[in-house]
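First the structure, in the form of structure tokens, and then the observations on it.
The values are calculated or read from the model by the stated rules, or taken from the named source; none is laboratory data. These numbers come from a predicted model, not from an experiment. Methodologically, a virtual Cβ is constructed for each residue, glycine included, from the backbone with ideal geometry; neighbour enumeration extends over all protein chains shown. We work out accessible area using only protein heavy atoms, side chains counted, and drop any ligands, DNA or RNA first. Shrake-Rupley method; radii C 1.70, N 1.55, O 1.52, S 1.80 Å.
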Amino acid sequence: MSAPTTPSSRPTVTEREARQVAEAAREQDWRKPSFAKELFLGRFRLDLIHPHPLPADQDVQRGEEFLAKLRDFCETKIDGAVIERDARIPDEVITGLKELGAFGMKIDTKYGGLGLTQVYYNKALALVGSANPAIGALLSAHQSIGVPQPLKMFGTQEQKDTFLPRCARTDISAFLLTEPDVGSDPARLATTAVRDGDDYVLDGVKLWTTNGVVADLLVVMARVPKSADGTGGKGGITAFVVEAASEGVTVENRNAFMGLRGLENGVTRFHRVRVPAANRIGPEGAGLKIALTTLNTGRLSLPAMCVGAGKWCLKIAREWSAVREQWGKPVALHEAVGAKISFIAATTFALEAVLDLSSQMADEDRNDIRIEAALAKLYGSEMAWLMADELVQIRGGRGFETAASLEARGERAVPAEQLLRDLRINRIFEGSTEIMHLLIAREAVDAHLSVAGDLIDPDKTLSDKARAGAQAGVFYAKWLPKLIAGPGQLPRSYADFHPPGHRDLSGHLRYVERTARKLARSTFYAMSRWQGRMETKQGFLGRIVDIGAELFAMSAACVRAEHLRAEGDHGREAYQLADAFCRQARIRVEELFGRLWTNTDDTDRKVVKGVLGGAYEWLEQGIVDPSGEGPWIADATPGETPRANLHRPIR
């Protein structure tokens, strides 16, 4: 049977239509409590995270046994310098990881996986990522967003039986959503999947396919045309499991980046690729919802590797600054350097607190952690980058020098500059910082939009608006008075966090409670002031989210410190680190509050218009542009490829 004709033009989508697609993909309901959601509403629900949730004993035993094996493998089989030099993870390393079970860490034991919890999966990623971040990315892309996670959550039993055993031991998977001209705006997705009997026929091009060069199985997002006669499916963006070796699948390029040099990331073209309808994940049109739901926990893998990076930064900063002397004493004892070390130590403690708390909540499945996971990704990627930058500064010229060069002249091969390059992508991976700000802000104001959204919707009728006004009046009459006072104003609140002989953390929790109410009041004022224009105030929304991230991190740090004290595990030191972090975070929070209303947002918008209009082109004179020729965005027209297939399965 011949393949049907596929449309070659990219969908034309208005801004409003794009927003509607994104809105339809997000989870609409809150069936479980959310600490972070409550925090943005001005309600400090410490009871949702304290006492710190704990894993089951059998989960701990299984996790620790695997971590011991993985550590031995990392120390004896992985040479990060070789991966950096050759820009490739050796096949024998990947094969060894398969044999160890590392590709099935999150897959249930009944499918041949290890069945690790999210907590221990993250610990494993932090460990292997410290050996080489490209390996962490390989394992994470395979099972955090690749085939295993979508099938675990949305797959049929037949799909699980077919694909999960392969993913657990032998096959590598990848997730393909991004296209040359489609990133965080999937409404314009151009790859198509046209129904043809018992198959779908895929056509299109996917960009930045992490693991795509070596993958055996692919999760592909494609647009299914709506049935013209109404007899078929409803169409829309849909998810499919695709065999990478299928006829018509071509890896056209292996991409190279400033960091993660061992990453197997490519450009993949689909030309009349036949995919059985049985390989469709969920119904037609559910692809984006599947992707976003998968990312709710999948995003936790990235901050896991950021925590590992922070731990390494702290180790190198401690060892180096103790032996390097300036003006008669170790550089660590100079205040300018010491402040950087304190920042690295305190922030690493807080990041691990955020990660472990969010991960354990994911394992227990008692709370909705979509905001917590997003905050962990946002905060982890930003703070890890700052810690790596501070480490390079502490190392001075040696921080800028490559590990190979240091070794060649007889010094310890410390890859600080490599860490900086490797971490930079985390602020872009799985939702850039800017997109995460908007995503989290949307969830943070969900309660407001639920009761008052129709008031600012231009498509709603006057009766709809009147009804919304009445609902909003009832909601705000109950909600606003609660933002005036709370436990944060009572000096004895949270007394459990001021045990004898330890730093006082209760004051920090009172600050979080007071500040959460202040944050909610600021959000309400902004919505009242800007109404429908609120969504355009991205600078304001970003600062609101950043304040919430700091408050979440402060809460997690205090809860973790108290947990460690109660367990008798470095409690005094944990209290010291939590106190230091909270003091640092409070300064950042106050600065962010100041910038809510005192900023250059309006001026910046005017300058941007001038830049785009060519008003400042004279400022660009006096340079040469070393960029090569070519289009800004590569042609992604469906069709056959003249390029060789670079697909390289590892067996």
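Here is how the numbers come out for the structure above:
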quantity	calculated
The chain, dipole about Cα centre (Lys/Arg Cβ +1, Asp/Glu Cβ -1), debye to the nearest 20	1380 debye
Shape of segment 1-156, Cα gyration tensor, a/c cut at 1.5	oblate
Per residue value of the accessible surface for segment 408-558 (all protein chains in place, 1.4 Å probe), Å²	46 Å²
Nearest-20 debye value, segment 411-491 charge dipole, Cβ charges on Lys, Arg, Asp, Glu	300 debye
Pairs of alpha carbons in segment 361-408 whose separation is greater than 15 Å (percent)	63 percent
Over 30 Å between alpha carbons, listed pairs Lys32/Lys289; Lys206/Lys226; Lys289/Lys377; Lys315/Lys537	Lys315/Lys537
Per-peptide average of other Cβ atoms within 10 Å, ordering 550-558, 194-202, 208-216, 632-640 highest first	550-558, 208-216, 194-202, 632-640
Cα shape, segment 541-648, gyration tensor, a/c 1.5 rule	oblate
Accessible area of the chain belonging to carbon and sulfur atoms, whole % at 1.4 Å probe	53 percent
Eligible aspartates and glutamates near Lys465 by straight Cα distance, threshold 14 Å, same-chain separation 8 or greater	Asp454, Asp457
Long-range tail of P(r) for segment 106-164 (Cα pairs > 15 Å, %)	51 percent
Whole-number D in µm² s⁻¹ for segment 481-612, Kirkwood Cα-pair radius fed into Stokes-Einstein, 10 °C, 1.306 mPa s	96 µm²/s
Tally of Lys pairs whose C-alpha atoms are under 13 Å apart, taken over segment 78-201, 8 or more apart or cross-chain	5
Solvent exposure of segment 254-353 as accessible area per residue, Å², 1.4 Å probe	38 Å²
Probe 1.4 Å, all protein chains present, accessible-area order of Ile425, Ile107, largest first	Ile425, Ile107
Integer Hz, Karplus 6.51/-1.76/1.60 couplings in order for segment 325-330, x for Gly and Pro	10, 9, 6, x, 7, x
Overall dimensions of the chain by Cα: Rg and Dmax, Å	25.6, 84
Fraction of beta bridges assigned by DSSP in the chain that are antiparallel (%, nearest 5)	85 percent
Three-way shape label, segment 201-317, alpha-carbon gyration tensor, a/c 1.5	oblate
Set of aspartates and glutamates with alpha-carbon distance to Lys609 below 13 Å, sequence-local pairs under 8 removed	Asp601, Glu617
